[in-house]
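Trainee: Handing you this structure, nothing more for now.
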2 protein chains.
Amino acid sequence: MKKYLTHHEWQIIEDGFHPEYNRISESVFSIGNGRMGQRANFEESYTGDTLQGSYVAGVYYPDKTRVGWWKNGYPEYFAKVLNACNWIGIDVKINKTVLDLAKSDVTDFKRVLDMQRGILQRQFTAKLQSGEQLRVDATRFCSLADDEAGVIRYAIQCDFSGELSLTPYLDFDIKNEDANYDEKFWEEVELAVRKGEGYITAATRKTDFHVCTGMCFDILVNNKNVTPDIEVFRKEKFISNTVKLQVNEGDEVVIYKYAVNLSSENHPKDSLSTHADKLLQNIRKKGFQNMLEEQAAAWAARWKDSDIVIEGDVAAQQGIRFNIFQLNQTYTGEDERLNIGPKGFTGEKYGGSTYWDTEAYCLPFYLSTAHERVARNLLIYRYKHLQKAIENAEKLGFKNGAALYPMVTMNGEECHNEWEITFEEIHRNGAIAYAIFDYIRYTDDKAYLADYGLEVLIGIARFWAQRVNYSNQKGKYVILGVTGPNEYENNVNNNWYTNFTAKKCLEFAMESIEWIKKNCPEKYKVIIRQINFDETEEQAQWQQICDHIYLPKYQEFGIYLQQEGFLDKDISPVSDLDKADRPLCQKWSWDRILRSCYIKQADVLQGLYFYEHEFDKETIRRNFDFYEPLTVHESSLSPCVHAILAARLGYHDKAYDMYLQTARLDLDDYNNDTEDGCHITSMAGTWMAVVKGFGGMRVVDGQLHLNPFLPKQWTSYSFKIRWRSNILNIKVTKDKTIVENESGAPISLVLAEKLTEIANEKVLAKS
Amino acid sequence: MKKYLTHHEWQIIEDGFHPEYNRISESVFSIGNGRMGQRANFEESYTGDTLQGSYVAGVYYPDKTRVGWWKNGYPEYFAKVLNACNWIGIDVKINKTVLDLAKSDVTDFKRVLDMQRGILQRQFTAKLQSGEQLRVDATRFCSLADDEAGVIRYAIQCDFSGELSLTPYLDFDIKNEDANYDEKFWEEVELAVRKGEGYITAATRKTDFHVCTGMCFDILVNNKNVTPDIEVFRKEKFISNTVKLQVNEGDEVVIYKYAVNLSSENHPKDSLSTHADKLLQNIRKKGFQNMLEEQAAAWAARWKDSDIVIEGDVAAQQGIRFNIFQLNQTYTGEDERLNIGPKGFTGEKYGGSTYWDTEAYCLPFYLSTAHERVARNLLIYRYKHLQKAIENAEKLGFKNGAALYPMVTMNGEECHNEWEITFEEIHRNGAIAYAIFDYIRYTDDKAYLADYGLEVLIGIARFWAQRVNYSNQKGKYVILGVTGPNEYENNVNNNWYTNFTAKKCLEFAMESIEWIKKNCPEKYKVIIRQINFDETEEQAQWQQICDHIYLPKYQEFGIYLQQEGFLDKDISPVSDLDKADRPLCQKWSWDRILRSCYIKQADVLQGLYFYEHEFDKETIRRNFDFYEPLTVHESSLSPCVHAILAARLGYHDKAYDMYLQTARLDLDDYNNDTEDGCHITSMAGTWMAVVKGFGGMRVVDGQLHLNPFLPKQWTSYSFKIRWRSNILNIKVTKDKTIVENESGAPISLVLAEKLTEIANEKVLAKS
């Protein structure tokens, strides 16, 4: 854990240069706009430790799978998010000495992520080894308004006289650190450079995505435009312009670098560079200042919908805003081909691909803070991958349109390769069905079922129907050889969460069929003909499974069993573990973890969270009281579920404690891994801990519920949610809860367990 | 399956050139002497498909582990058998054209492995693209008498006039095909070459084994020694001599190449080349013909002890002799630092390291066919690795001298890296204890216990005592998270074989303690002090575990359960499987295999085989009848166990069928993988199938039992066994069994269930 960042309500601040934490800062200070993203690398040369990262959404490389021992069924490749063209680079030279903070005396260094406006700023004074001194003030952002553009203002205050050389460049000759065979993934397609501007188009090997990155720039000396001599340079996958200026002490030189990143996902390949050129001219004409104002306005609109305000705890305020900021700059919901990688645009790790995190943890955030089309697009993403999910299931021996969604994917194909996860963590299929259920529950957009949902639900139901087998021994349907959400158990039999999920999927599929049959009979006929669905026979089988699936429980404790045989373990609470043994994933060998009773992340409790409406409070309590003490929360996705359930059970301190475990996960580098990138998907969990946990927000039978409490560490907090066509602003203070209805039209909701009608505002005093 | 090799009682014959099977032939025709081994690569250049392989026993390289996803506890490296210096090379050039069978018109090709004398012969006529024709007759062997030497006679019959150039060379600039990071593993230490001789000493990277390979040669033209001009050449890790001869049609040119391979395992590094030179001079002086005679004599002695003669079935005769031949040339038992790799000296695969195969399958062969010191050396190998096994267990969290022997090893350290095997296939510890039991049962050498055995048994017992945990639920000790011998199940709970094995280990350790306490009380005191053994407390705990260990069974069927929950599976016999689904390991995804009921190799039956004396015949029958139909035998180690049990149960056809599955495994390339090398360890299983299966050989309570039957496909068979100080020759014909006692001193044994005394010979007519 590191605590080098300054607490501030709206900003992330690195005050003073911390080269030892540079990779962490590069992750934390990342900027993006849903279409492109950029780690907080320096514009000028830097020979210190750094992970360079410029990412273009939707562009990936199928890196050849690397395993120790091949298992039949493994995919041939692992799709990886790609480090793309370095568009931020501006080399600075003073009298032949290159500006490099690793080799300079650096003072007054400050890096600021202005979350309110979506802007990264950096200031420093550097004294070069050769003696010259200069002060730099750099500002950059990825524009939300022009989401293929990034812009930089790089201002140099000269404390020397002599030659200042500036070299804005584009470098496409880059690598992924995370490359299985140390290959380069990009090949040059086209390249042009002239004085003042240039571009490079490169193509990914194998996938043949084309990306055109262009740049142009303006230079001002003491606030006046200059048109200096420019030296043009080009080599393979690299272009640059070098400008040499004679400066005097006290001069201010400012370079505005405009850059664009266009991908063949959004433009025809043959006109990529034309489009790039056009956009470049547009933004240059618009100018940095106007773009900055548009950026501030766009971010203000985001914050208006999604901000959470916490009073009385600056660290908590900064933490939650950082999480919301990252989520908003990772995924905007404009493009249903995109999704939310575990590291977003902040690093290469986990391939940047889609996991079940999206459906299980991220969806609620977008449902409550953005237009419903955003969440809908997340669902459509999976709908478009249905055929691939069917092929994936076929590869594993399933038939007749059974669909198994991949554990990790870019384009719908599985690209994970650990048998106990790839083949066995099949509960992910349940999360994908659950997301449809959750979306419809929240939005009431039942039409989605007929438009997209049903085919997915039938594919998933068919999978479960084939994946169970009937145990003569038990007289029940069983599901053998699975890994539940708790990855600290592998290849278990009858994981309660998985079995229960299978049942829910089958039931939901049948309910959906009923609804569509009744409400869209023509559409229904078309669909079932297309997918060759035998409604009588298949549904009869599904019903049979639902009625007789084995759901392991232990009557004596009144708990569901994580899996069959769980109680054969040596059961003792996490609190009895020696601190030196934590985290288990680093201290214990894998087999020891597996046979221990310790749980990585919510498993039975994940199910109780998803389907809370089907369980009474005492059942939840008994399971929480049994499992939480055994849970090590070594997944960043664990605490949020526990926070929500703890809040429900009135365990307020526990809820707050769980919330704390993720709120500042990256800002304080809790797990020593923020250098790889931020934990984007778990950030949505933090949001849930506040809104569903502290705020008690639920939707039950189409009815919104709120049941807030105030953590005693805070003075107040407020959050907004979009509830169908309304926007509600909920503020919770020590003595009251205020629900403001921004839309004006009266709505009814269940507030603190009482049905309430709210026209404009409702103030509920604390009992 | 391929059937291109000619059946012959004593020879393996490739008649006609089969370049498409060259890698297979290279494996099958491999030669070795326990100290060095050589695949059947060609002496002259060959640009066709080939896997070059020259191996020096005990020399390995710790190749950096390669995995997709690191699991805590994995070893840093995988020790690999090394391809070492190419010592066989003789380039042949005719008037500037290189002799290369891939580019010549080849006729009359014949490759013969003369198993009786341990000699590889090759003859062919080649017509070069340039038109010249020659006939080659090459003979080579790895000398048993001089086990660091190999020798070649390479005779050329010239059907042309012109220049014949011969270049004997040594090439140490070689690679392993199986290298994780495509690195070369050898570095040159020293190199010298002069006219007529030379040597190279190279060292392995990291491990710094030194190997000196030397060569010298003689050339005869038409039977007369010639001393031609020699061109000397050297480059890094390579030396050669080139001799150019003017020959006339009809001339015969013979080159004798003598080579030696000395390793720093057997000689001081600083005098390696001196020793090499000395040995080279010795064998050259001895000469090819004398060496050949010594070789024939040495092999005759081996055959005298270990031959199995089958009449009425040449293919079976060839198969069993091939297996015995390979076993004898892989391991001679002279050096307790060596062991038996799954591929012996015939390929690189599986790293050439030691698996539990040695104890479970190979030991009985050496016990019955060689002096007891050979088997004893195999045990001492593990004794010497005890400290490493303790460290290995510590790495996984065990304490107090608990020992877990590695799954795969060269020097005692674990080098396997698949968690479900490395960490979970812990039954291997049981095989190591069982081997001690088996050795003592066979030899009555109880002194071994005090000298070496006890420490190993206590280390293993301590492991089991820590590895079990008490299940409150069951009121029993359980063993969670294991993989049994059947690797088609992973991470299961309460695998019967593993649990039963644990119990047997604990009991055997306690019995051994009792014996030593009584018979070697002083030694006992020293040992327990050294290893800090608390005899009262530890033994009380062991007894407790033995009394209360959970041994899953299904009363209704009267069977032991392969593991808990086995009967929840969808159970249907292998015979119902579609042929297109076989072999499962190639056709089904891993998860499907895991949750199926299909068994890769004997698991419960492995336990019944090991501890047959503790189970009545009907128990064995019920388990055999239940499990065998579910077994796919996709491990070459499976059929032998089934053959032995089937024979015991009187299922003679089944026994023969199982025998057939391994007897010609490599000769007919059943599994399409002989190109990687031969299945050396399973060859011992084939021997067992005959001697323990058909011959019914057992040792029970110190008493030898024989209970032979004759497979109806054969006219007769006979085998020899060393039984303590006696050698018995057992011949089984249609109507009688003849037991010949070679030692003369009368011995008693149980023949066909009757206690019998045999002085010289006993003939038992078939009832």
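Trainee: What is the mean number of Cβ atoms from other protein chains located within 10 Å of the Cβ atom of each residue in peptide B:64-75, rounded to a whole number?
Mentor: 5
Trainee: Work out how far the C-alpha atoms of segment B:130-176 reach from end to end along every principal axis, then list the three figures in whole Å, largest first.
Mentor: Result, largest extent first: 39, 27, 16 Å.
Trainee: Restricting to chain B, what percent of DSSP beta bridges are antiparallel, rounded to 5?
Mentor: Antiparallel bridges: around 95 percent, rounded to the nearest 5.
Trainee: Which angle between 0 and 90 degrees, to the nearest 10, do you get for helix B:652-663 versus the longest principal axis of chain B when only C-alpha atoms count?
Mentor: 40 degrees
Trainee: Quick one: if the Förster radius is 56 Å, what FRET efficiency do B:Val763 and B:Asp15 give, using the C-beta to C-beta distance and rounding to 0.05?
Mentor: Taking R0 as 56 Å, the efficiency between B:Val763 and B:Asp15 is 0.90.
Trainee: So the label point sits 7 Å from Cα along the Cα-to-Cβ vector; using that for B:Glu556, what distances do you get to the other copies, in nanometres, sorted shortest first?
Mentor: 2.5
Trainee: Still on this structure: Show the residues, 5+ positions off or on another chain, whose built amide H is closer than 5 Å to the amide H of B:Ile239.
Mentor: Long-range HN contacts for B:Ile239: B:Leu170, B:Phe172.
Trainee: Which whole-number percentage describes the relative contact order of chain B, with Cα contacts under 8 Å and a sequence gap of 6 or more?
Mentor: On the way: 1709 pairs, mean separation 94.4, N = 767.
Reported relative contact order: 12 percent.
Trainee: Further, regarding this structure: Are any of the pairs B:Lys3/B:Lys103; A:Lys237/A:Lys257; B:Lys71/B:Lys523; A:Lys349/A:Lys734; A:Lys399/B:Lys569 more than 30 Å apart by Cα-Cα distance, and if so, which?
Mentor: B:Lys71/B:Lys523; A:Lys349/A:Lys734, as the Cα separations exceed 30 Å there.
Trainee: Would you mind checking the tilt of helix B:521-530 against the longest principal axis of the Cα atoms of chain B, expressed as 0 to 90 degrees and rounded to 10?
Mentor: Relative to chain B, helix B:521-530 is tipped by roughly 80 degrees.
Trainee: Got the A:Gly162 label distances to the other copies yet, label 7 Å along Cα→Cβ, in nm, shortest first?
Mentor: 7.3
Trainee: May I pose another question? Take the eigenvalues of the Cα gyration tensor for the protein assembly as shown, scale each by 5, and report the square roots as semi-axes in whole Å, largest first.
Mentor: Semi-axes, largest first: 65, 45, 29 Å.
Trainee: With a Förster radius of 30 Å, plug the Cβ-Cβ distance of B:Glu507 and A:Ser572 into 1/(1 + (r/R0)^6) and report the FRET value to the nearest 0.05.
Mentor: That pair, B:Glu507 with A:Ser572, gives E of 0.50.
Trainee: Sticking with this one: Would you order B:Val189, B:Val211 from fewest to most other beta-carbon atoms within 10 Å of each residue's own beta-carbon?
Mentor: By the 10 Å Cβ count, ascending: B:Val189, B:Val211.
Trainee: Treat every Asp and Glu Cβ in the protein assembly as shown as -1 and every Lys and Arg Cβ as +1, leave all other atoms uncharged, and give the resulting dipole magnitude about the Cα centre to the nearest 20 debye.
Mentor: In total the dipole reaches around 1020 debye.
Trainee: Within 10 Å of each residue's Cβ, count the other Cβ atoms and sort B:Tyr55, B:Tyr181, B:Tyr442, A:Tyr670 from fewest upward.
Mentor: Lowest count first: B:Tyr181, A:Tyr670, B:Tyr442, B:Tyr55.
Trainee: Summing -39500 (n - 2.57) over the DSSP H runs of n ≥ 4 in the protein assembly as shown and dividing by its residue number, what mean residue ellipticity at 222 nm do you reach, to the nearest 500 deg cm²/dmol? Walk me through the numbers on the way to the answer.
Mentor: Details: 40 runs with 460 residues, N = 1534.
After summing the helix terms and dividing by the residues of the protein assembly as shown, the value is -9000 deg cm²/dmol.
Trainee: Here's another thing I want to ask about it. Find every distance from the label point of A:His613 to the corresponding label point in the other copies (7 Å from Cα along Cα→Cβ) and write them in nm, one decimal, shortest first.
Mentor: Here the equivalent label points are 6.8 nm apart from this one.
Trainee: Moving on to the next point. Quick one: 3J(HN,Hα) in Hz for segment A:279-293, Karplus 6.51/-1.76/1.60 with θ = phi - 60°, rounded, Gly and Pro as x.
Mentor: 5, 4, 4, 4, 6, 5, 5, 4, x, 4, 5, 5, 4, 4, 5
Trainee: Let me ask you something else. Which is farthest toward the positive dipole end of segment A:726-767 among A:Thr737, A:Asn726, A:Val750, measuring Cα position about the Cα centre, with Cβ charges +1 (Lys, Arg) and -1 (Asp, Glu)?
Mentor: A:Thr737
Trainee: Beyond a 19 Å Cα-Cα separation, which of these cross-linked pairs lie in this structure: A:Lys395/B:Lys587; B:Lys64/B:Lys587; B:Lys692/B:Lys712?
Mentor: B:Lys64/B:Lys587
Trainee: Once you charge only the Cβ atoms, +1 for Lys and Arg and -1 for Asp and Glu, what is the size of the charge dipole of chain B about its Cα centre, to the nearest 20 debye?
Mentor: Details: 90 positive and 111 negative charges, 196 e Å.
Taking the Cα centre of chain B as origin, the dipole is about 940 debye.
Trainee: Among A:314-327, B:519-532, B:476-489, what's the highest-first ranking by average C-beta atoms within 10 angstrom per residue? Mind showing how you got there, number by number?
Mentor: On the way: A:314-327: 23.2, B:519-532: 13.4, B:476-489: 25.0.
Going from most to least packed, we get B:476-489, A:314-327, B:519-532.
Trainee: Work out, in µm²/s and without decimals, the Stokes-Einstein translational diffusion coefficient of segment B:604-719 at 20 °C, 1.002 mPa s, Rh from Kirkwood over C-alpha pairs.
Mentor: Reported coefficient: 147 µm²/s.
Trainee: Nearest to the axis that maps chain A onto chain B: list the chain A residue whose Cβ wins, with the distance in whole angstrom.
Mentor: Nearest-to-axis residue on chain A, with distance in whole Å, is A:Asn491, 2.
Trainee: Please order A:Ser27, A:Ser240, A:Ser45 by the number of other Cβ within 10 Å, starting at the fewest.
Mentor: A:Ser45, A:Ser240, A:Ser27
Trainee: Explain nothing, just the number: relative contact order of segment A:38-304, from Cα pairs under 8 Å at least 6 residues apart, as a whole percent.
Mentor: 19 percent
Trainee: Using just the Cα positions, wrap chain B in a convex hull and report its mean projected area in square nanometres, one decimal place.
Mentor: The Cα convex hull of chain B, projected and averaged over all directions, gives 33.9 nm².
Trainee: If you don't mind, there's one more thing I want to ask. Pick out, from A:Ala315, A:Gly459, A:Val67, the residue whose Cα sits farthest towards the positive end of the charge dipole of chain A, with +1 on the Cβ of Lys and Arg and -1 on the Cβ of Asp and Glu.
Mentor: Ranked along the dipole, the leading option is A:Gly459.
Trainee: Roughly speaking, what is the stretch gain from A:Glu236 to A:Asn290, that is 0.36 nm per residue apart minus the C-alpha to C-alpha distance, in nm to one decimal?
Mentor: Contour length minus Cα-Cα distance gives 16.0 nm.
Trainee: Further question: Tell me, what HN-Hα J-couplings in whole Hz come from the Karplus equation 6.51 cos²θ - 1.76 cosθ + 1.60 at θ = phi - 60° for each residue of segment B:592-609, using x for Gly and Pro?
Mentor: Residue by residue, segment B:592-609 yields 5, 4, 4, 8, 6, 8, 7, 10, 6, 8, 2, 10, 4, 5, 4, x, 5, 5 Hz.
Trainee: For peptide B:566-573, how many partner chain Cβ atoms fall within 10 Å of a residue's Cβ, on average?
Mentor: That works out to 5 on average.
Trainee: Return the aspartates and glutamates within reach of B:Lys127: Cα separation strictly under 13 angstrom, same-chain partners fewer than 8 residues apart disregarded; answer none if there are no such residues.
Mentor: Straight-line reach from B:Lys127, under 13 Å: B:Asp100, B:Asp105, B:Asp108, B:Asp159.
Trainee: Can you list the residues, at least 5 places off or on another chain, whose amide H is less than 5 Å from the amide H of A:Tyr77, using H built in the peptide plane?
Mentor: HN-HN under 5 Å from A:Tyr77: A:Thr65.
Trainee: Between B:Thr274 and A:Glu76, what FRET efficiency follows from the Cβ-Cβ distance if R0 is 51 Å, with the result rounded to 0.05?
Mentor: Calculated transfer efficiency: 0.45.
Trainee: Can you find, among A:Ala203, B:Tyr439, B:Tyr256, the residue farthest towards the positive end of the dipole of the protein assembly as shown? Put +1 on the C-beta of Lys and Arg, -1 on that of Asp and Glu.
Mentor: Result: B:Tyr439, furthest along the dipole toward the positive end.
Trainee: Sort all Cα-Cα distances of segment A:168-304 into consecutive 5 angstrom bins from zero, then give the percent of pairs in each bin up to the one containing the longest distance.
Mentor: Whole-percent P(r) values from 0 Å outward: 2, 9, 15, 17, 17, 15, 12, 8, 4, 1, 0.
Trainee: Can you spot the lysines whose alpha carbon is less than 16 Å from A:Lys518's alpha carbon? Ignore those fewer than 8 places along the same chain.
Mentor: A:Lys446
Where a number appears in this text, it was derived from the coordinates with a stated rule and is not lab data. Worth saying up front: this structure is predicted, and the values here are computed from it rather than measured. All Cβ positions, even for glycine, are placed from backbone atoms using ideal geometry, and neighbour counts span all protein chains on display.
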